[in-house]
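First, the structure itself, so that you have it in front of you.
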Amino acid sequence: MALTTAPGRTTRTGTPRPHATRRGAGRDRHGEGLAGYVFLSPWLIGLMGVTAIPMLLSLYLSFTNYDILTPLSEVQWVGLANYERMFTQDPSYWHAVQVTLTFALVAVPLKLAAALGVALLLNRAWRGVGLFRSLFYLPSLLGGSVALAIVWVNMFNRDGAFNSFLAIFGIEGLPWVNDPEWALETLMLLAIWQFGAPMVIFLAGLKQVPSELYEAASVDGANRFRQFWHVTLPMLSPVIFFNLVLETINGFQGFTAAFVLSNGTGGPVDSTLMYTLKLYISGFTDLEMGYASAMAWVFLIAIGLITTVFFSTGRFWVHYSDGER
């Protein structure tokens, strides 16, 4: 604090008090935090109302005999009876698990292989390559739409476009979607055909591979296959890991095409009874929502365990540019 003397008066000058400055800064931070929560409030309300509360409610219902028609206040607690029935008394449950595992183990690797192969072809400066990228990505924009599933079913009917194409070569077609031997394969083909999303991600990864690595490999005498095996795949391993996790989860969650193809029954002869379709039938057709809730929680835990296995084993084959795993 300094004293300034002037004729007839004395004034004091100095810096503001520290505690006053701290109070002002604290009010500013409090206002910023409040504004942040205000902007986050729609997401927080959605998280609680659409995700958190329904999940907790379904966990509770998995231990009850809730059947949708009974008020929640009158449901009976049955403990682990739903889980015991699922694992020991319901053969169709294990059949649904088998169908879903078969679908995921076949469709996901083939889908990723198709996406990577097309990405390698489109990773060139060809004239019109942008148009081809858009065309290959287009099926993924349709996603799991009902309209696409209906078109696919009609294509593989007895009188569908696929059999008409085979007839050109004198090959007699089959009722693919109504044949228990081939119904699931038609669903796999639909899933593989929608490889656009992982293809775009692979293209982005390929753009990040340094050209110097290919030049060095070429100088060392490596042919195209060796360059792909020793340069492209290791550099793409983080992208492959990302696509593998996402597509595996999507593969286990397949529902729309199986529902449309079988009219919601999992037919023919339960050949397309995916896990999610079995869950839907239990909850909304058989009105056993407690049992369906138990199935949903087992499904959630199984997906979590599979993802954990991926992340646990990824350090052995996923390589990053900085040398870390």
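Please find, among 44, 59, the residue that is surrounded by 13 or more Cβ atoms within 10 Å (Cβ to Cβ) and not charged (D, E, K, R).
On the way: 44 fails: surrounded by 13 or more Cβ atoms within 10 Å (Cβ to Cβ).
Within the list 44, 59, the selection yields 59.
Across segment 202-227, what is the number of residues that are in a helix (DSSP H, G or I) and surrounded by fewer than 16 Cβ atoms within 10 Å (Cβ to Cβ)? Lay out the reasoning, then the answer.
Residues of segment 202-227 in a helix (DSSP H, G or I): 202-207, 211-219, 224-227.
With the extra rule that they be surrounded by fewer than 16 Cβ atoms within 10 Å (Cβ to Cβ), the set shrinks to 204, 207, 211-213, 215-216, 218-219, 224-226.
Summing the residues that are in a helix (DSSP H, G or I) and surrounded by fewer than 16 Cβ atoms within 10 Å (Cβ to Cβ) in segment 202-227 gives 12.
Is it true that residue 254 is among the small types (Gly, Ala, Ser), under 20 Å from residue 115 (Cα atoms) and open to solvent by less than 70 Å² (accessible area, probe 1.4 Å)?
Details: among the small types (Gly, Ala, Ser): yes; under 20 Å from residue 115 (Cα atoms): yes; open to solvent by less than 70 Å² (accessible area, probe 1.4 Å): yes.
It is true that residue 254 is among the small types (Gly, Ala, Ser), under 20 Å from residue 115 (Cα atoms) and open to solvent by less than 70 Å² (accessible area, probe 1.4 Å).
Within segment 48-56, identify whether any single residue is open to solvent by 40 Å² or more (accessible area, probe 1.4 Å), in contact with a helix residue (DSSP H, G or I) (Cβ under 9 Å, 6 or more places away or on another chain), in contact (Cβ under 8 Å) with a residue 40 or more places away in the chain and under 18 Å from residue 300 (Cα atoms), and answer yes or no.
No: segment 48-56 contains no residue that is open to solvent by 40 Å² or more (accessible area, probe 1.4 Å), in contact with a helix residue (DSSP H, G or I) (Cβ under 9 Å, 6 or more places away or on another chain), in contact (Cβ under 8 Å) with a residue 40 or more places away in the chain and under 18 Å from residue 300 (Cα atoms).
Conditions: (1) in a helix (DSSP H, G or I); (2) closer than 30 Å to residue 60 by Cβ. Residue 79 meets all but one. Number of the miss?
(1)
When only residues in segment 70-94 that are open to solvent by less than 100 Å² (accessible area, probe 1.4 Å) and among the charged types (D, E, K, R) count, which is nearest to residue 185 (Cα to Cα)?
Looking at residues that are open to solvent by less than 100 Å² (accessible area, probe 1.4 Å) and among the charged types (D, E, K, R), I get 90.
Which residue is nearest to residue 179 (Cα to Cα), if the candidates are limited to segment 150-167 and must be in contact with a helix residue (DSSP H, G or I) (Cβ under 8 Å, 6 or more places away or on another chain) and among the aliphatic types (A, V, I, L, M)?
So the residue we want is 153.
Residues are listed down the side, and each one gets a yes or a no for (1) out of contact with any helix residue (DSSP H, G or I) (no Cβ under 8 Å at 6 or more places or on another chain); (2) among the basic types (Lys, Arg); (3) part of a loop (DSSP other than H, G, I, E, B):
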| site | (1), (2), (3) |
| --- | --- |
| 258 | no, no, no |
| 266 | no, no, yes |
| 277 | no, no, no |
| 281 | yes, no, no |
| 292 | no, no, no |
| 295 | no, no, no |
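Filter segment 47-86 down to the residues that are hydroxyl-bearing (Ser, Thr, Tyr) and over 27 Å from the mean Cα position of the chain (by Cα), then identify the one that is farthest from residue 295 (Cα to Cα). Steps first, please.
If we filter segment 47-86 for residues that are hydroxyl-bearing (Ser, Thr, Tyr), which is where we start, we get 51, 58, 60, 62, 64, 66, 70, 73, 83.
Filter once more, keeping what is over 27 Å from the mean Cα position of the chain (by Cα): 64, 66, 70, 73.
Details: 64: 13, 66: 14, 70: 20, 73: 22 Å.
Going through the qualifying residues, I end up with 73.
Somewhere in segment 310-323, is a residue closer than 30 Å to residue 181 by Cα, outside any loop (DSSP other than H, G, I, E, B) and open to solvent by 30 Å² or more (accessible area, probe 1.4 Å)? Before you say what the answer is, go through the steps one by one.
Within segment 310-323, the first condition is being closer than 30 Å to residue 181 by Cα, and the residues that meet it are none.
For segment 310-323, residues closer than 30 Å to residue 181 by Cα, outside any loop (DSSP other than H, G, I, E, B) and open to solvent by 30 Å² or more (accessible area, probe 1.4 Å): absent.
The values are calculated or read from the model by the stated rules, or taken from the named source; none is laboratory data. Bear in mind the structure is a predicted one, so any value in this text is a computation, not a measurement. Heads up, the Cβs are rebuilt from the backbone with ideal geometry, glycines too, and the neighbour counts pull from every protein chain shown. What goes into the accessible areas is simple: the full protein's heavy atoms, side chains included, and nothing from ligands, DNA or RNA. Shrake-Rupley method; radii C 1.70, N 1.55, O 1.52, S 1.80 Å.
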